[in-house]
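The values are calculated or read from the model by the stated rules, or taken from the named source; none is laboratory data. Because the structure is a prediction, the values reported are computed rather than measured. Counting neighbours? That spans all protein chains shown, and the Cβs are built from the backbone with ideal geometry, glycine included.
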Amino acid sequence: MPKILLIDDDQNLTRLLGQYLETQNFEVETAPDGKSGMRAVYQVSPDLVVLDVTMPLRDGWETLERIREVSDVPVIMLTARDEEADILRGFSLGADDYVTKPFSFAQLSARIHAVLARSRRAEDTGLDEIVCGDLRVNLRTDQVWRGDERINLTPTEFKLLVALMKRVGEVISPEELVREVWGPQYAGEVGHVRRYVYHLRRKIEPDPDNPRYIHNERGFGYRFAGA
């Protein structure tokens, strides 16, 4: 049974949401602020964290930074704001998804299922590794290397990279990438692809402003170059 950690200072919300998620076969732990949330990350070892942005003692942004220092556990951010700058900030800090309040419990549950599915190891391609130029992706350990340097990716970034590298040289539309990486329930959210490609380039490209690997074919999609 997947273990979900809810970090939110709205105790009424966490109580009701926790009860709902338990009916969806999740085990739920809660924390009322960022500091106690970090303790729970160590003590509970959750499979996924649902993290509110606006909290006392330590806000969601700082809490996410602290989580990413010690863990690659998937994180879904909750916020009352849907501005592009906030969404980009969350993704740049390592969030796996972003849900704007108000939201339905069913919507969040669907997002949790989708993120957990992405966090599982890449499907068996019959290969142990995919290698393009000096990039090496180990499909058994979910590790990415550029030369001798280990690159830390979130589960979503990893799955996006594998989706591109499996079809090296092909142009893949944002709609195809959304279906493969995020799932069909994200069909209308192709903006996720643009945001994640931006941050993935920042991690894997020697010069992100002049990408060697991930190319944007304007009007068509993205192409992963092999060299």
Suppose we filter region 163-174 for residues that are touching a residue at least 24 places away in the same chain (Cβ under 8 Å) and either under 18 Å from D142 (Cα atoms) or of a type in the set (D, E, K, R) (or both); how many remain?
5
Can you tell me which residue within region 102-123, out of those that are modelled with pLDDT under 85 and not in a helix (DSSP H, G or I), is nearest to the chain's Cα centre (by Cα)?
R120
So, restricting to strands (runs of 3 or more DSSP E) that lie completely within region 1-101, which ones have at least 3 residues that are farther than 22 Å from Q185 by Cα?
3-7, 27-31
Restricting region 137-175 to residues that are surrounded by fewer than 17 Cβ atoms within 10 Å (Cβ to Cβ) and among the charged types (D, E, K, R), the one nearest to R212 (Cα to Cα) turns out to be R146
Do we have I112 as in contact with a Leu (Cβ under 9 Å, 6 or more places away or on another chain), among the β-branched types (V, I, T) and in contact (Cβ under 8 Å) with a residue 40 or more places away in the chain here?
yes
Scan (1) within 30 Å of Q107 (Cβ to Cβ); (2) touching a Ser or Thr at 6+ places or on another chain (Cβ under 8 Å) for the single condition F220 breaks and write down its number.
(1)
Selected residue (criterion: nearest to R136 (Cα to Cα)) from residues of region 202-225 that are of a type in the set (G, A, S) and assigned to a loop (DSSP other than H, G, I, E, B)
A225
Could you check how many residues of region 78-108 are in contact (Cβ under 8 Å) with a residue 60 or more places away in the chain and among the polar types (S, T, N, Q)?
1
Verdict on V49 being outside the structural domain of H192 (by TED's automatic domain parsing), among the β-branched types (V, I, T), modelled with pLDDT of 90 or more and under 24 Å from F158 (Cβ atoms)
yes
